[in-house]
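Down below is the structure, laid out as C-alpha cells.
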Amino acid sequence: MAVEVIKAGGNLSPAAPAAGGAALNARIQKRSRAHGGREFVLDLELAIPAGITILFGASGAGKTTLLDCLAGLLEADAGRIIVNHGVLFDKAAGINVPTRQRQVGYVFQDLALFPHLSVEANIRYGLAKIPADEQRRRTAAILESLRASHLASRFPREISGGERQRVALARALVTDPALLLLDEPLGGLDAPIKSAIVDDLRAWNRAHQVAILYVTHDRGEVFALGERVLVMERGRLIAQGTPQEVLNAPRQEAVAQLAGFENIFDATVDATHETQGTMTCRLAGTAVTLEAPLTHVAAGATVRLAVRAGDILLATSRPHDLSARNIIPGVVLSLEQRDFMITAQVDCGARFEVHLTPGARDSLQLHSGREVWLVLKTHSCQFVGPGT
Amino acid sequence: MDWQAFLLTVRLAVLVTGILLLLGLPIAYWITYSRRRWKFLIEAVVAMPLVLPPTVLGFYILLALGSKSPVGVWWESLTGHTLAFTFEALVIGSVIYSLPFTVQPLAAAFSTVDQKFVAASATLGASRLRTFLRIILPLSISGLMTAVALTFAHTMGEFGVVLMVGGNIPGVTRTVSIDIYDQVQATNYTSANQTALVLLAISFVALSLVYALNRRVWALWPWR
C-alpha cells in the first residue's frame, strides 16, 4: 500500500478500505475547550480493518478524545460511528448507543483497574450477564491465555505494572468486544514484556478479528508493532500507511517532526533539474545549498526540507569521490552524550544536528570548534511542504 | 439517668440514620453527578439546617406538619390523630435537621472517586445502578461511615428542633437532651451530669471514628 497523506479536513483517499470492508468506520467532529480555554477541534474520518491499527501522535493531538468518542464516553457534535455494520452513533439520525451497550473494550492509559476488587473480580466484572460458572470458565481462560492465572486472587496494588497491564487487557478482552481501544496500554514497560503482551494480543485477535486501535506517542513502539499507522495532529488525521511508509516519506512537517527529523529548514528553490530528478535549494538566510529530490515546485518557490540527524555523515577533511551530492563545511559548536549517542551541533551557516556514536567521535577526535564537513545524500533531504 | 429517654433517643437516631441513608445516597449522587445549572439551589437547601437556628427550622417544620397544613390534614385522615408532637413528627424533623450531615460527606466521597473507574465500569457493560453499587459506593466507604457516624451523633444530641416539633412527652418525644434540660431546671445536677456524660462519650466516639476513617489510618480496607 502506498503512503496516503491526507489533506487537512480529513478526507480519506480512495486507497482506504471501502466502508463495507472496514471493521470500524467513523466520522467524528467534536469541539471541546481545554483547561487553558483554548478551543480544540477533533475532525476526522477513519475506516480501519480488523487487526491492530496504531494511532500515533504527540500529546494533545486528540488521540484520547477520539477513543472517548468511539467508546461513547464523550458525545461527538457531528458524525457517525459504525462498528461491524452496527451503528453506534449517528448524530443526524439521533442515534447514540450508550457506552454500556457498545461492546467496546477500552484499556485506559492509567488502566483503571478497580482497586477494591481482586484480579479475578475485576475480570468478571464485565461478565455480569452470563451464568456464574460460565463467568468462572471464561475468566480462567483469558487469564490463562495472557499467562496471568497466578494473579487471580491478588489485588491490583499487589501486582507489578506489567501484570496490571495484562489484567487490564484481560478485563477488556474477556467481554468479547466488537472494537478494542488501547490507550498507551503498554507505556513504561520493557521491550521484551511489551512484545510478549502484543504477541498474546495478536493471538487473541486471530480468533476474534476485531479492529484494535492502539494509541501511542512512542516512535519506537510504532516500528516495533509494525502495522498500519494513523498519524494524528491537532485533532486531524494527517497520514496513514505502514510505519515505514508514513515515517520514512514525510511530506508534511508534522509527520516529519513526529518521525524524528531533527533538522527542518526553510529553503528557496534555486534551480530544478528535471532530467536529474533533483533540485537545488538554498537554506533561508544562508549561502548553504542542498540538492534534494525533485518535487512539483517551480524555481524561486520556498519549501521546507527535513533531514534526519542520523542520516548525516561527518568528515574531518574534505571528502572526495563520493556519490553523495551535498558536502558542506562547518564548525562543531557542541557535543553532547546521551546513553550511547552523541548529538553534535554543527554550524554551517545554518545549524545542523548530527547523531553519531562515541566511537566515531573518538576516532575523529571531535571537539567543539573543530572544522568538519557534513555529507548528505540527496535522498536524505526530504521535502516536507511549502515554506513559511 | 432516664433510660426511657435514652432508649427513645437511640431508637430515633437509628431510624433517622437509616432513613437518611436511603434519602441521602440518591441526593448525594445527584449533587455529585448532575450538570443542571440550578444544582446550587438544591445544595443550598440541603445545607440550610447547618446555619438555621433550630428554633426557626423547628417552627417551620411544626407549621408544615400542623393540623392546618396539607401534610397534617393528610396524616390525620390516614391515622386518625395529628402529626405534631408525636414520635413520627420527631423523626421527620430530625431527618430534615440532619440531612446535611448525611449528604455532604457522601457527596464529598463520591466526588473523589476517579471518573476513570466509572468510565471503565460503563465500557464493561454495567448500568449506572451497578456502577454505583459495585464501584462508587465501595470506593466511598469512608465517606459512608462518616455520614453514618455524624448523622447518628447529631441526631442523638439535637435539642431545638425536637423541642419545637415534639415537645416534651415522656416515652413519646422526650429525648436525652431534653431530659438533661429538665434535670438542670429542677437543679438535679447529678442526674443531668450522668446523662450528659453518656452523650459526650457517644459524640466523642463518633467523631473519633470519623477522623480515623478520614485520615485513612483504618486498616479495615485492604486497598488503602
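The values are calculated or read from the model by the stated rules, or taken from the named source; none is laboratory data. The model shown is predicted, which means the values in this text are computed figures rather than measured ones. We place every Cβ from the backbone using ideal geometry, glycine too, and count neighbours over all the protein chains shown.
Here are some notes:
- Among the conditions (1) assigned to a loop (DSSP other than H, G, I, E, B); (2) farther than 20 Å from A:Pro185 by Cβ; (3) not small (Gly, Ala, Ser), the only one that A:Leu111 does not satisfy is (2).
- Scan the range A:256-314 for residues that are assigned to a strand (DSSP E or B), over 27 Å from the mean Cα position of the chain (by Cα) and over 25 Å from A:Leu356 (Cβ atoms) and the total you get is 11.
- The lone criterion from (1) touching a residue at least 24 places away in the same chain (Cβ under 8 Å); (2) surrounded by fewer than 17 Cβ atoms within 10 Å (Cβ to Cβ) left unmet by A:Arg304 is number (2).
- Among residues of the range B:81-123, those that are in a loop (DSSP other than H, G, I, E, B) and either within 14 Å of another protein chain (Cβ to nearest Cβ) or under 30 Å from A:Leu127 (Cβ atoms) (or both), counted: 3
- The residues of the range A:129-164 that are within 14 Å of another protein chain (Cβ to nearest Cβ) and in contact with a helix residue (DSSP H, G or I) (Cβ under 7 Å, 6 or more places away or on another chain), listed by number, are A:Gln135, A:Arg138, A:Thr139, A:Ile142, A:Ser153, A:Arg154, A:Pro156, A:Ile159, A:Arg164.
Yes or no, residue by residue, for (1) closer than 19 Å to A:Ala287 by Cα; (2) among the charged types (D, E, K, R); (3) at pLDDT 90 or above; (4) surrounded by 17 or more Cβ atoms within 10 Å (Cβ to Cβ):
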| position | (1), (2), (3), (4) |
| --- | --- |
| A:Gln337 | no, no, no, no |
| A:Ala344 | no, no, yes, yes |
| A:Thr357 | no, no, yes, no |
| A:Cys381 | yes, no, no, yes |
| A:Val384 | no, no, no, yes |
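- The condition of being free of Cβ contacts under 8 Å to residues at least 60 places away in the same chain, within 25 Å of A:Val222 (Cβ to Cβ) and not assigned by TED's automatic domain parsing to the domain that holds A:Leu201 holds for only one of A:Leu146, A:Leu189, that being A:Leu146.
- Residue tally, condition free of Cβ contacts under 8 Å to residues at least 40 places away in the same chain and either more than 28 Å from B:Thr146 (Cα to Cα) or β-branched (Val, Ile, Thr) (or both), over the range B:59-103: 21
- Looking across the range B:111-131 at every residue that is out of contact with any Ser or Thr (no Cβ under 7 Å at 6 or more places or on another chain) and farther than 20 Å from A:Thr175 by Cα, the one that is surrounded by the most Cβ atoms within 10 Å (Cβ to Cβ) is identified as B:Asp114.
- Taken over the range B:1-50, the criterion of being in a loop (DSSP other than H, G, I, E, B) and buried (at least 18 other Cβ atoms within 10 Å of the Cβ) is satisfied by B:Asp2 alone.
- Filtered residue count, the range A:369-379, keeping only those that are exposed (fewer than 15 other Cβ atoms within 10 Å of the Cβ) and modelled with pLDDT of 90 or more: 2
- Residue check for A:Ala76: more than 9 Å from chain B (Cβ to nearest Cβ) and assigned to a helix (DSSP H, G or I): no
- Taking each residue of the range B:26-55 that is farther than 14 Å from B:Leu106 by Cβ and looking for partners that are surrounded by 12 or more Cβ atoms within 10 Å (Cβ to Cβ) and of a type in the set (Ser, Thr, Tyr) with beta-carbon atoms closer than 8 Å, six or more apart or interchain, yields B:Pro49/B:Tyr97; B:Pro49/B:Ser98; B:Pro54/B:Tyr97.
- Filtered residue count, the range A:86-112, keeping only those that are of a type outside the set (Val, Ile, Thr) and more than 8 Å from chain B (Cβ to nearest Cβ): 11
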